[in-house]
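Asker: I'd like to ask you about the structure that follows.
The values are calculated or read from the model by the stated rules, or taken from the named source; none is laboratory data. Only a predicted model underlies this, so the values are computations on that prediction, with no experimental measurement involved. Cβ: placed from backbone, ideal geometry, glycine included. Neighbour counts: every protein chain shown. Please note that ligands, DNA and RNA were not included when accessible areas were found on the heavy atoms of the full protein model with its side chains. Shrake-Rupley method; radii C 1.70, N 1.55, O 1.52, S 1.80 Å.
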Amino acid sequence: MLGVLSCLLLLLPASSEAYVRTMSETGIPLFWSNPNLAVTANPSNSSGLSQSQVQAMLGSAFSAWSGVPGTKATTSFNLSSSGPANSAFDGVNAVYFSSNSSRQLDWGVVGLTEVLYWVNSGQIAEADMVFNDRQFLFTATEGDTGKNIGGRTAIYLQDVATHEVGHAFGLDHTTVNMGSLVYTAFNGQGVLSADDKTGISTIYPSSGGRGALRGTVRGKNGGVFGTHLTAINLDTGKIQAGALANSDGTFRVGDLAPGNYAVMMESFGTGVSSISSYYSNLNHRFCSGSRFRRRFYAPCNGSGQVSVVSVGSGSTLELGTLAPSCSAMGTPGVAPTSIGTAKEIGTNGGAIFGTLGTSAAHFYRIRNASGAIVARALSYSLYSPADVRVEVLDSNGNAWSGAATLENVETFSGVTNYDSRATAQGNGADLIIRVSSAGSRVSSSQFPAGFDLVDADGHYLLALSVDGSIAATGPSDMSSCANLNNTSQSASFRAPASNSRDQTSGSGCGSLAAGPGDPPSQSGLFQILLGCLLVFSLARFQARLRRKLVRR
Ligand SMILES: [Zn+2]
């Protein structure tokens, strides 16, 4: 095994694709050569779920991943009371409940997907999935996840099963807000996010026609390994995909729908034990012991303008250098807190960022606005606690006739996205866009990943579309402002010292590294344990409420 690993060093760094892929110890992303995942599920459980309930929920969880446009990945699902109830390497992708086996999962682990792969290629040989019904009560009721029912923590089976199927396909935990692959259990996890969909369609694309972004995250001392990049689709207001930078700081976010994007960089905001051990020596505490802060890909001049890049069909756009910073995002220039100081956005739209206190407002002006106006204020999606509201006003600050504001852009399965959207029809007059923040912050308990990732600041990204245009600025290389005093880090297999790892006690699956079961002995095969969901996060929120918000 060691000989194999040292040979593979030459192949690194592996290309980091969109979202977070499960990596081998040596940094090879895992994949199925034939992504038609056929599983056999044994429905026996101690939660009182009937066969038909298990059939319906697991069936939905698997079919969610095969119905994604742009991917050739499919699933087929078979329920059998005689299906194997163990994770042996037996040629069957087994799904079962722990009470029906000798399996004992670690405390707090809701579900576990074990992926066997070939070390020299990353090709997956088998994936088995077990649900911990010894500790948790699995239910058939949407909204039950996290509830205490009869003294046990309840989990809506479809929520956790959807997450686990992502692992079975080779996806690792994401930190994109509301993604099904977020590492903690939450209501609504059974609904795939854009990031999840981009993930599956990038690993297993059905056809071309999509585009990609690539670049390098740098500080003063070279690449910043493990920086989390998100591609924000300005046309839809959704985080299209997230990715982690390679050890040299390079990244590629693939399989993006053609359109206009902003890019945000952020430090890895939770325990590294939640993702593949390839990343285990990440440490982003370059800022007096704190992590570097969230920042947009933008010109270095501090204008507040966010670079708007257009992703074309079938092409990869090079962004050049992206430069993180220790400084809070802030509000560049004079804060536009009145109509008199309103900051101008180009006649053809654009993207701009700011930071809002509670009960505060910022104003922007569009000259001669005509056609359809769509203003999107993203905040919650970007882990900002500001509960934003965006409105279209006339140049005197009165409501613009016919304008409409959606306070929260989305609510599903108990999750609310507090981003806001306003629409209006321009007639050639100047218009004012007002972005305001509610008198109270969105509680960290409203974020699926919880406290770990929520920013201290109420930042927002305003994307303004005028008559279908969000004036693309093109790439804006940030080499001239790369001033993060980072330390060079490499992937885990290069034997990091333990004191160079991020010691954050975030949610994660670290205990599983030495968890149940030994790797199988078949030559060349390695077992990776993934898929744990820690549901005690809500309790942890309570315990940590008094802790100061971590600035990142
Ligand atoms: Zn997981």
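Asker: Considering only the stretch 150-183, how many residues are β-branched (Val, Ile, Thr) and within 9 Å of the ligand (Cβ to nearest atom)?
Answerer: Total meeting the criteria: 2.
Asker: Kindly indicate whether any position in the stretch 201-222 is in contact (Cβ under 8 Å) with a residue 60 or more places away in the chain, within 16 Å of the ligand (Cβ to nearest atom), crowded, with 23+ Cβ neighbours inside 10 Å and within 16 Å of the chain's Cα centre (by Cα).
Answerer: no
Asker: So, in the stretch 294-317, exactly how many residues are in a strand (DSSP E or B) and under 22 Å from the mean Cα position of the chain (by Cα)?
Answerer: 7
Asker: Hey, another quick one. For GLY242, all conditions in the list (1) under 29 Å from ASP159 (Cα atoms); (2) out of contact with any helix residue (DSSP H, G or I) (no Cβ under 7 Å at 6 or more places or on another chain); (3) not polar (S, T, N, Q) hold save one; what is the number of the exception?
Answerer: For GLY242, the failing item is (2).
Asker: So, one more: Could you check, for the stretch 155-168, whether at least one of its residues is open to solvent by 10 Å² or more (accessible area, probe 1.4 Å) and part of a strand (DSSP E or B)?
Answerer: Looking through the stretch 155-168, at least one residue is open to solvent by 10 Å² or more (accessible area, probe 1.4 Å) and part of a strand (DSSP E or B).
Asker: Then there's this: Could you list, in sequence order, the residues of the stretch 26-40 that are free of Cβ contacts under 8 Å to residues at least 60 places away in the same chain and touching a helix residue (DSSP H, G or I) at 6+ places or on another chain (Cβ under 6 Å)?
Answerer: Matches in the stretch 26-40: none.
Asker: Let me ask something else. Please go through the stretch 344-354 and pick out each residue that is open to solvent by 40 Å² or more (accessible area, probe 1.4 Å) and either among the charged types (D, E, K, R) or assigned to a strand (DSSP E or B) (or both).
Answerer: The answer is GLU344, and nothing else.
Every residue, every condition in (1) away from the ligand (no atom under 13 Å from the Cβ); (2) within 22 Å of the chain's Cα centre (by Cα); (3) free of Cβ contacts under 8 Å to residues at least 12 places away in the same chain; (4) open to solvent by less than 10 Å² (accessible area, probe 1.4 Å), yes or no:
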| site | (1), (2), (3), (4) |
| --- | --- |
| PHE97 | yes, no, no, yes |
| TRP118 | yes, no, no, no |
| VAL130 | no, no, no, yes |
| THR139 | yes, no, no, no |
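Asker: Quick check on my filter: what residues within the stretch 482-518 are surrounded by 17 or more Cβ atoms within 10 Å (Cβ to Cβ), at pLDDT 50 or above and in a loop (DSSP other than H, G, I, E, B)?
Answerer: Selection gives ALA482, LEU484, ASN486, GLN489, SER490, ALA491.
Asker: What residue, among those in the stretch 136-154 that are of a type in the set (Gly, Ala, Ser) and assigned to a loop (DSSP other than H, G, I, E, B), is modelled with the lowest pLDDT?
Answerer: The qualifying residue modelled with the lowest pLDDT is GLY146.
Asker: Please enumerate the residues belonging to the stretch 54-88 that are surrounded by 21 or more Cβ atoms within 10 Å (Cβ to Cβ) and not in a loop (DSSP other than H, G, I, E, B).
Answerer: Listed by number, the residues that qualify are VAL54, MET57, LEU58, ALA61, PHE62, ALA64, TRP65, THR71, THR75.
Asker: Check whether at least one residue in the stretch 255-263 is within 16 Å of the ligand (Cβ to nearest atom), at pLDDT below 95 and assigned to a loop (DSSP other than H, G, I, E, B), and report yes or no.
Answerer: Within the stretch 255-263 (the criterion being within 16 Å of the ligand (Cβ to nearest atom), at pLDDT below 95 and assigned to a loop (DSSP other than H, G, I, E, B)), the answer is no, since none of the residues qualifies.
Asker: Just need a number here: residues in the stretch 184-195 that are within 10 Å of the ligand (Cβ to nearest atom) and assigned to a helix (DSSP H, G or I).
Answerer: Number satisfying all stated conditions: 0.
Asker: Hey, another quick one. Checking PHE286 against (1) open to solvent by less than 20 Å² (accessible area, probe 1.4 Å); (2) more than 16 Å from the ligand (Cβ to nearest atom); (3) more than 26 Å from SER469 (Cβ to Cβ); (4) not acidic (Asp, Glu): exactly one of these is not met. Which one?
Answerer: Only one criterion is unmet by PHE286, namely (1).
Asker: Return only the number of the condition from (1) under 18 Å from the mean Cα position of the chain (by Cα); (2) under 27 Å from GLY304 (Cβ atoms); (3) surrounded by fewer than 24 Cβ atoms within 10 Å (Cβ to Cβ) that PRO258 does not satisfy.
Answerer: Against the list (1) under 18 Å from the mean Cα position of the chain (by Cα); (2) under 27 Å from GLY304 (Cβ atoms); (3) surrounded by fewer than 24 Cβ atoms within 10 Å (Cβ to Cβ), PRO258 comes up short only on (1).
Asker: Follow-up question, since we're still on this one. Is one or more of the residues making up the stretch 445-453 open to solvent by 50 Å² or more (accessible area, probe 1.4 Å) and within 30 Å of CYS326 (Cβ to Cβ)?
Answerer: Within the stretch 445-453, one or more residues are open to solvent by 50 Å² or more (accessible area, probe 1.4 Å) and within 30 Å of CYS326 (Cβ to Cβ).
Asker: Evaluate the following for THR26: is it closer than 26 Å to SER276 by Cα, within 16 Å of the ligand (Cβ to nearest atom), at pLDDT below 90 and within 27 Å of the chain's Cα centre (by Cα)?
Answerer: no
Residues are listed down the side, and each one gets a yes or a no for (1) open to solvent by 20 Å² or more (accessible area, probe 1.4 Å); (2) not in a strand (DSSP E or B):
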{"site": "THR321", "(1), (2)": "no, no"}
{"site": "VAL334", "(1), (2)": "yes, yes"}
{"site": "THR358", "(1), (2)": "yes, yes"}
{"site": "ARG365", "(1), (2)": "yes, no"}
{"site": "ASN368", "(1), (2)": "yes, yes"}
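Asker: Here's a follow-up. For the stretch 468-481, which positions are surrounded by fewer than 23 Cβ atoms within 10 Å (Cβ to Cβ) and modelled with pLDDT of 90 or more?
Answerer: SER469, ALA471, ALA472, THR473, GLY474, PRO475, SER476, ASP477, SER479, SER480, CYS481
Asker: Scan the stretch 170-189 and report the pairs whose first residue is closer than 19 Å to ILE232 by Cα and whose second residue is acidic (Asp, Glu) and within 11 Å of the ligand (Cβ to nearest atom), with Cβ atoms within less than 9 Å and a gap of 6+ or a chain change.
Answerer: Filtered contacts from the stretch 170-189: LEU181/ASP172.
Asker: Which numbered condition in (1) surrounded by fewer than 23 Cβ atoms within 10 Å (Cβ to Cβ); (2) in contact with a Phe, Trp or Tyr (Cβ under 8 Å, 6 or more places away or on another chain); (3) part of a strand (DSSP E or B) is the only one that ASP248 fails?
Answerer: The failed condition is (3).
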